[in-house]
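Comments concern the structure below.
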Amino acid sequence: MNAELRYAYAVAPPGLPPLPEGLRGVAGTVPRALEHAGLTAVVGTVPADDFAEQPLRAHLEDLDWLAETARAHQAVVDALTEVTTPLPLRLATVHHDDDSVRRSLEADREELAGTLDRLAGRVEWGVKVYAETDRAQRRAAPAASPSAAGAAPEGGARSPADAAPGSGRAYLRRRMRAVSDRESALDEAENTGRTLHAALAAYAEDVRLHPPQDPRLSGASGQNLLNAAYLVPREGAGRFVERAEQLGAHDPVVRVEVTGPWAPYSFVAPASGRGRHAGGAAAEASS
Amino acid sequence: MTLPSRLPGGGAPASAGERGSSLADILERVLDKGVVIAGDIRIDLLDIELLTVKLRLIVASVDKAKEMGIDWWETDPALSSAARRDELSDENEQLRHRVAELEGRSDER
């Protein structure tokens with residue numbers, strides 16, 4: 001058995017320019033181009049001790065190893081994105097040797113070439129919208145006068161018990177107000193998110209909506225309302241980012257996070273149910 | 001490509017190469033997106049316990065997640081107004097209890 005395996009990062013068009021010197025990928029090894037069948041696979045040589053099925057399976061259960069490997073994979077894909085439009089492969093695509101990689105390229109040649117054509121010259125931008133409901137509550141907190149409540153649940157009666165700060169009713173009222181502040185902040189953020197998505201979608205050739213990220217993993221503050229990917233021509237990138245910033249800037253309960261440019265990860269699969277995804281936010285906005 | 005690094009949110013990094021993208025953003029893409037070609041070492045990432053238990057909430061695509069019975073965002077108050085109403089009425093219920101309890105306690109005094 002071979003003590004070394006091939007880790008494949010991406011498929012790119014033929015004639016790949018040289019990669020930056022000093023670029024290291026998974027397992028700290030140097031990625032290189034392997035041209036075949038009118039395509040380029042970008043591969044690295046990795047030790048079988050870590051990347052054969054058993055050890056790889058075990059490693060993937062280790063969050064530190066996974067994080068390091070994912071970042072190394074992404075570093076190579078990022079470097080490729082600077083010079084071409086790569087099709088990133090799923091993490092941990094491992095072959096026995098170069099010949100086996102060539103056979104994979106051959107087997108999927110038409111589809112890979114077609115996808116490369118479709119995406120050439122495009123990059124992906126990620127945009128996430130968060131509702132900062134804590135901020136909204138802080139904003140509302142100093143306005144403690146009764147009129148600021150707006151919607152007192154049972155209007156009218158203002159007995160001394162209501163006014164006493166320690167009373168159950170005052171407590172209830174404060175809590176109700178906090179809940180309704182949070183509620184309206186979320187509504188506001190949702191609206192801003194929809195407006196922003198509709199405006200950005202107009203700049204993009206294609207759009208994918210991803211499930212919002214779970215803060216337990218992302219560690220981000222606020223509630224992730226929108227997690228979208230936009231396929232944008234490389235040269236339109238500056239305008240896109242600028243627009244995304246502008247659209248989020250006016251609303252204090254909203255935080256907009258732009259990431260990219262990414263290789264077009266979210267768009268390698270042909271759009272399935274595109275109408276539903278792309279039209280969804282706009283349709284909901286009118287409801 | 002270089003872009004001006006003035007993204008909202010202060011620390012948010014600006015361009016692919018130099019930005020320390022969040023691990024969640026990277027995992028979301030490298031685990032769930034990207035082209036699948038048949039390698040020789042075949043591991044279904046969904047068989048990996050760490051990923052299924054800890055990460056699949058975020059890496060799973062909407063449809064795939066629904067297939068796996070993960071549709072938490074449909075009941076997540078941030079994402080569905082129906083769920084938010086539920087949360088509100090739950091909270092109201094709790095508050096009513098608390099008020100009753102507090103008022104009961106002050107009567108005893």
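Read-outs throughout are calculated quantities, based only on the coordinates presented, and are distinct from any laboratory measurement. Keep in mind that what you see is a predicted model, and the values were worked out from it rather than measured. In this analysis, Cβ positions are derived from the backbone assuming ideal geometry, glycine residues included, and neighbour counts consider all displayed protein chains.
Data for the structure
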| quantity | calculated |
| --- | --- |
| Cβ-based exposure ranking for A:Val207, A:Val30, in which fewest neighbours within 10 Å come first | A:Val30, A:Val207 |
| B:Ile37 long-range amide H proximity, modeled H, under 5 Å | A:Arg90 |
| HN-Hα J in Hz across segment A:218-234 - Karplus 6.51, -1.76, 1.60, θ = phi - 60°, x for Gly and Pro | 6, x, 6, 8, x, 9, 6, 8, 10, 9, 10, 10, 10, 8, 10, x, 3 |
| Cα gyration tensor category, rounded, prolate or oblate, for segment A:4-120 with a/c compared to 1.5 | prolate |
| At most 15 other Cβ within 10 Å, DSSP loop - GluC sites (Glu not before Pro), segment A:57-139 | A:Glu61 |
| Per-residue average of Cβ from other chains inside 10 Å of A:224-230 | 3 |
| Highest-first arrangement of A:186-192, A:5-11, B:95-101, A:16-22, where packing means the average Cβ count within 10 Å | A:5-11, A:186-192, B:95-101, A:16-22 |
| HN-Hα J in Hz across segment A:73-90 - Karplus 6.51, -1.76, 1.60, θ = phi - 60°, x for Gly and Pro | 4, 5, 4, 5, 4, 4, 4, 5, 5, 5, 10, 7, 10, x, 9, x, 8, 4 |
| Karplus-derived 3J(HN,Hα), 6.51/-1.76/1.60, for each residue of segment A:91-108, Hz, glycine and proline x | 3, 6, 8, 10, 10, 6, 7, 4, 4, 5, 4, 4, 4, 4, 4, 4, 4, 10 |
| Averaged over A:89-100, number of beta-carbon atoms from partner chains that fall within 10 Å | 5 |
| Separation between Cα centres of segment A:38-55 and segment A:191-215, rounded to whole Å | 35 |
| For A:Asp251, distant residues with modelled amide H under 5 Å away | none |
| Tensor-based shape of segment A:1-51 (alpha-carbon gyration tensor, a/c under 1.5 rounded, otherwise prolate or oblate) | oblate |
| Shielding score for A:34-45, defined as the mean number of other chain Cβ atoms within 10 Å | 0 |
| A:Val46 long-range amide H proximity, modeled H, under 5 Å | A:Leu5, A:Arg6, A:Tyr7 |
